[in-house]
Every structure is written in C-alpha cells, then in structure tokens.
Amino acid sequence: MKPVHLASNRPPRRFYRGGAQLGALRGEPVGAEYEPEDWVASTTTVRGEERLGLTALPDGTLLRDAVAGHPAAWLGAAHAERWGADTRLLVKLLDAGQRLPVHAHPHDEFASAHLGAAHGKAEAWYILRGGVVHLGLREDVTHERIAALVTSQDVEGLLGLLHRIDVAPGDVVWVPPGELHAIGAGVLLLELQQPEDLSILLEWRDFAIDGAAQGHLGLGFELALAAVNLRARSREELGGLVRRSPEAGSVLPADAEAYFRLERLPVHRRATIGRGFAVILVRSGEVAVAGERFGSGSTVLVPDAAGALVAEGSGELLIARPPSPDARNGV
C-alpha cells in the first residue's frame, strides 16, 4: 500500500459562504459560493445524508469501505484491535467566507446518550490565514440567559459573551467539546475533529439555515443547550486553548491529543514521516513522498501498511493522525 493523492471533496450547499481560498490553496477553480469546506480523507457523512461527505479513492472505492475491508492495513494493528475500522479522525480545510455562527459541539457521553452517535465532536484548528476567532465565555452564564439569547436571536449579545482573539498563520486553537466558538470572516484553517457532523447552533439570523428547526440536533434547545459549557474561561485558560505552534514536532496540547494528533514537519532535503495512518497537507513548497511529488496545497492519505516514509524536497508538511491507541479517551 502506498500514499494516495486525494482530490478535493467539497460538500455543496453548506449554510455559510466560503470556498475561494480553498481554490487558491489547491490551485483549483473557485467553486460555488456555499462550498467553504473540503472534507479530507472522510469516512463521515454530512448529517442526515447517506453518502455526501465521504471521500472516494482514485479507483472510486469509498475510503470508508476500503478501511472496513482491511482495518489493520489502513489503521495499524493496535488501532484496529481497540477501535476496529473507526478512523477516529476527520480532517477539513475550512474557508470562512463569512463569520460562522456562535455554536458548540457535544461531548462523547452526550452524543452517545441522546443521539446514538459513536463520538462527540472535539476539534482543533491550525491557522493557515489569520483573522479573528471567538472562543469561550468571558463570564459564567446561566442556562436561562443563554436560552433567552438564542430565542431572541440576540447576535450582538451572544458574541459579546465570548472572548475575541486575533490569530495568525501558525497559531493552533484547541476547541474542547461543549465550548462556544465562532470563526471570523477571512480565516482559513486546517481542522482536525472527531468524525461526526454535530453542531448546536445558537445563532442563525444571517445564515442559510432554519436554525430554529435544525440547530438543536432534533433534541429541542432545552436539552441541546445542556451540552454547552456555560462556565467562563479566564485569560490564563485561554492560553491553553490558543497558542503558537512550535516550528517542528507535535503542536497540540495534551488534552487534544486524547482525540487526535498533529505534527508540523519541515522538509529540508530529507525528512522521515513516521509509520501510521495519516492525512498530510503540503503546507508549502514541493515535497516527494514515496517517489511521488506533491505541490503546495496537496492532500495525501497514508495507510499504516505503507510503513515509515522518506519525504524529499523543500517545504513543510502538516501531518494529522488519530489518537494513539494508548490514549485515555474512547472505548
């Protein structure tokens, strides 16, 4: 098994604008106005869909089916022994053509108990183009107050509750499950997340979605808002959620690595990509992996059975992986 060059996989008709920066990053024509996400190496469908969102390999086989047929070869024996054919990872490229709404994602226990889902949705972002993000509450908020803001669609009130943070390329943002957040207009990022499409929307006033009907995951807001963290984040705590990535090596905090891992690998002539299932973004330059050359913006899927690989050339790789089979979370 060898590394696989993946084409773009942009689900259409998302509820917010974006996509032009994805075209520029990938060296592709600009897509439709509402195609702000590229689902990379996805075994996850858009919520409510049977196939939309899934990645197809170059021969037409769905990655989900290929992994199900040979989980140890794709994911590694230890991973397959613990989690079977569950990749434990969804990677996205996201171009915020407009500020995203204030929202949150449920944690594992809530998703399992109330949605029958295998995972919640923790996520982390590697910033490719900077701007503003909104993350975490500035003060403790009661369930009644947050519910009233949602009902009235007081967007200014909702945004005013959150920390406003400037981010630059190379910054990393860890978004634990339940944490309120919104990505600002113009931000381009690489996102690692648990493989689910589960969002609790607190805001929808200026978006192409009926949030009153769809924003609560079919649970009603009374229950859905119970999955939201209403405790304030101090500036000190924010330092653990938003930070500058090191020039090389692991870039995520330990809490995030219980869900997924991300490595920054500069390539100056030669570098080694460790063995294991991985999703690679060529962040810059041109790099050959296993003899095939990949330019900036390319995404590459590496099965475990490919073994350790040599990267040659000049550039930088961002290497996303599932959690280690020794990670504490998960079953």
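Of everything in region 92-141 that's of a type in the set (Phe, Trp, Tyr) and not in a helix (DSSP H, G or I), which residue is surrounded by the most Cβ atoms within 10 Å (Cβ to Cβ)? Only one residue fits best here, namely 125. For region 72-91, which residues satisfy the criterion of being assigned to a helix (DSSP H, G or I) and farther than 18 Å from residue 299 by Cα? Scanning region 72-91 gives 72, 73, 77, 78, 79, 80, 81, 82, 83.
Residue 30 passes every criterion in (1) among the hydrophobic types (A, V, I, L, M, F, W, C); (2) part of a loop (DSSP other than H, G, I, E, B); (3) more than 27 Å from residue 115 (Cα to Cα); (4) under 19 Å from the mean Cα position of the chain (by Cα) apart from (4).
If the condition is being β-branched (Val, Ile, Thr) and farther than 22 Å from residue 217 by Cα, then region 96-140 contributes 127, 132, 133.
Here 97, 116, 69 are screened, and the one residue that is free of Cβ contacts under 8 Å to residues at least 60 places away in the same chain, out of contact with any His (no Cβ under 6 Å at 6 or more places or on another chain), assigned by TED's automatic domain parsing to the domain that holds residue 11 and farther than 18 Å from residue 302 by Cβ is 116. The C-beta contact set for region 140-151 (first residue in the same structural domain as residue 235 (by TED's automatic domain parsing), second residue at pLDDT 95 or above and of a type outside the set (A, V, I, L, M, F, W, C), distance under 6 angstrom, 6+ apart or interchain) comprises 140/231; 149/157.
The set of residues in region 244-286 that are out of contact with any helix residue (DSSP H, G or I) (no Cβ under 9 Å at 6 or more places or on another chain) and under 25 Å from residue 108 (Cα atoms) comprises 251, 252, 254, 256, 257, 258, 259, 260, 261, 263, 279. Residue check: is residue 74 of a type outside the set (Val, Ile, Thr) and closer than 18 Å to residue 238 by Cα? Criteria not met by residue 74. The residue of region 148-191 that is surrounded by the most Cβ atoms within 10 Å (Cβ to Cβ), among those that are part of a loop (DSSP other than H, G, I, E, B) and small (Gly, Ala, Ser), is 178. Of the strands (runs of 3 or more DSSP E) lying entirely inside region 205-298, those carrying at least 1 residues that are without any contact (Cβ under 8 Å) to a residue 60 or more places away in the chain are 261-273, 278-289, 292-295.
The values are calculated or read from the model by the stated rules, or taken from the named source; none is laboratory data. If you're wondering where the values come from, they're calculated on a predicted model, not measured in any experiment. No Cβ is skipped: glycine too gets one built from the backbone with ideal geometry, and neighbour counts run over all protein chains shown.
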